[in-house]
Amino acid sequence: MKDLNLTLYNLEELLPESFTQEQKAKAKTLFYKELAVRAHRFYNGKMQTLPKAPVMGFNWFNAWYTPGVSKISTTIREDNDTSYELSNRGNLVAVVSDSTRVLGDGDCTPPGGMGVMEGKAFLMKYLGGVDGIAICVDSKGPDGKNDPEKIIEFVKMSQYSFGAINLEDIAQPNCYRVLDVLREECDIPVWHDDAQGTACVTLAGLINALKLVDKKIEDVKIVYFGAGASNATIARIVNTAGADPAKSIMFDSTGALHTGRKDIEDDKRFYRKWELCQITNPDKVETMEEAMKGADVLIALSKPGPDVVKKEWIEVMGDKSIVFVCANPVPEIYPYAAKEAGAHIVATGRGDFPNQVNNSIGFPGILKGALIVRARKITDNMAIAAAEAIAKFSENRGIHTEDIIAKMSESEVFPYEAADVAMQAIKDGVARKEMTWQEAYDLAKKDIEHARATTKSLIDNGFIAPPPQEMLNEALDAAINAVK
């Protein structure tokens, strides 16, 4: 076999020519899974801890540790906010999960979420210049059920070590209570990336997609397929940004949401879904077949596909329809199939398809912006400001139907986004520190460039080894053989 380039960009060229589009899509998915296991085992994970201060001689430990460090403790005791200047707290985020809903794989047990949480920390550092630490907790109570109060208590107790908290992969309905309580009761930002982060980048993609089809957000009919934390929050943020909730219809695993759903009304844990029942689908449309007639936008975050979203649903959508199918690791319908059914713009959560709408373009800049001004919380206005910043940045460099939103590789988007978020935090009155847009931009850019340069230096000097060529080829062989 011809060697796979270490950048992985020639992956599709190495797949058998006889493979159909669906087989190629399946092979790519399997390849990344096979590669992930081999690469994580080879490197023993993705993150490590390194000092940021020098050791010029062993006498320096008298300053970095005892006796000199006691002055740090007493200074912080007198003014807790100095912990942001005298420790790494101001640039440190805890990625907290109970691993009860890891991607599309469900409950993976507490340690099962470590790969994803380390991945978040990895992206935070490389894309946002933010230090992150993965923390997977056991939220089960004495009855064996996952208890949101345990996560709430843990975060409230540990918040003084961090500048922000990134909640991740917590199953609903617990995720709603965990976020809502911690946002109000913690003195640092608590951000649920599955919900708020997904909503932010989806809104960014939607803003630009609507520009391309010359439609206004307040006029479009939107169908939401899936009513988990992600889609429920997307609907709330999209409505706040100007969409008319009466023109939207949402479906969960039982059916359409509307005021007749007594099962949701009676279960107080699902209060966020009940809020949507009260403002959407006034005609009480019951089926996807009916809801999709003339729809302008489909936003699906349900379960991994393909064939979860049907081609015949897309065929009855309105002119120049927009389809977001963002389940991981496989979209609800493959982009080529959605296009065959008449979709004008198709977005997924995958980087190997056009139009990746993924949290990775959002949370590094959002958290960096919040940290720069030492925000006490991340407001919905800050999330919308981030979405608008991403959309504007993308539009300024050029957008088209196959490229509606900036990619992770476009490093300039993150300081741009961080600065807008920082300014919105100041405007909303949740910032401890004030600065200009340019100051925020320059600081974010400096930290991001430092993180990338540090990683490059570690690679160039052999402290991080390149992946073995045979590892990549083994993963590709395994994927191809599984699809054949």
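The values are calculated or read from the model by the stated rules, or taken from the named source; none is laboratory data. Being a predicted model, the structure only gives us computed values, none of them experimental. No Cβ is skipped: glycine too gets one built from the backbone with ideal geometry, and neighbour counts run over all protein chains shown.
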Q. Residues in region 136-157: is at least one buried (at least 21 other Cβ atoms within 10 Å of the Cβ), out of contact with any His (no Cβ under 9 Å at 6 or more places or on another chain), in contact (Cβ under 8 Å) with a residue 24 or more places away in the chain and in a strand (DSSP E or B)?
A. yes
Q. For region 265-279, what are the residues that are buried (at least 22 other Cβ atoms within 10 Å of the Cβ) and at pLDDT below 95?
A. 272, 273
**Q.** Residue satisfying condition, being over 19 Å from residue 439 (Cβ atoms) and either without any contact (Cβ under 8 Å) to a residue 24 or more places away in the chain or over 16 Å from the mean Cα position of the chain (by Cα) (or both), within set 390, 384, 404, 378
**A.** 404
(Q) Among the residues in region 463-483, are any surrounded by 13 or more Cβ atoms within 10 Å (Cβ to Cβ), among the acidic types (Asp, Glu) and either more than 24 Å from the chain's Cα centre (by Cα) or within 20 Å of residue 124 (Cβ to Cβ) (or both)? (A) yes
**Q.** Residue, nearest to residue 407 (Cα to Cα), within region 187-238, restricted to residues that are part of a loop (DSSP other than H, G, I, E, B), free of Cβ contacts under 8 Å to residues at least 60 places away in the same chain and aliphatic (A, V, I, L, M)
**A.** 217
Q: Could you check, for region 72-94, whether at least one of its residues is polar (S, T, N, Q), buried (at least 16 other Cβ atoms within 10 Å of the Cβ) and part of a strand (DSSP E or B)?
A: no
Q. Do we find that residue 282 is in a loop (DSSP other than H, G, I, E, B), without any contact (Cβ under 8 Å) to a residue 40 or more places away in the chain and either buried (at least 21 other Cβ atoms within 10 Å of the Cβ) or assigned by TED's automatic domain parsing to the domain that holds residue 229 (or both) in this structure?
A. yes
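Okay, residues lined up against (1) of a type in the set (A, V, I, L, M, F, W, C); (2) assigned by TED's automatic domain parsing to the domain that holds residue 110; (3) on the phi > 0 side of the Ramachandran plot; (4) under 16 Å from the mean Cα position of the chain (by Cα):
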{"position": "156", "(1), (2), (3), (4)": "no, yes, no, no"}
{"position": "161", "(1), (2), (3), (4)": "no, yes, no, no"}
{"position": "177", "(1), (2), (3), (4)": "no, yes, no, no"}
{"position": "228", "(1), (2), (3), (4)": "no, no, no, yes"}
{"position": "240", "(1), (2), (3), (4)": "no, no, no, no"}
{"position": "245", "(1), (2), (3), (4)": "no, no, no, no"}
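This table checks each residue for (1) of a type outside the set (S, T, N, Q); (2) under 24 Å from residue 124 (Cβ atoms); (3) in a helix (DSSP H, G or I).
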position	(1), (2), (3)
337	yes, no, yes
343	yes, no, no
381	no, yes, yes
385	yes, yes, yes
389	yes, yes, yes
396	no, no, yes
Q) Is it fair to say residue 24 is of a type outside the set (Val, Ile, Thr), over 13 Å from residue 467 (Cβ atoms) and surrounded by 15 or more Cβ atoms within 10 Å (Cβ to Cβ)? A) yes
Q | Of residues in region 96-105 being farther than 22 Å from residue 182 by Cα and in contact (Cβ under 8 Å) with a residue 40 or more places away in the chain, the one surrounded by the most Cβ atoms within 10 Å (Cβ to Cβ) | A | 103
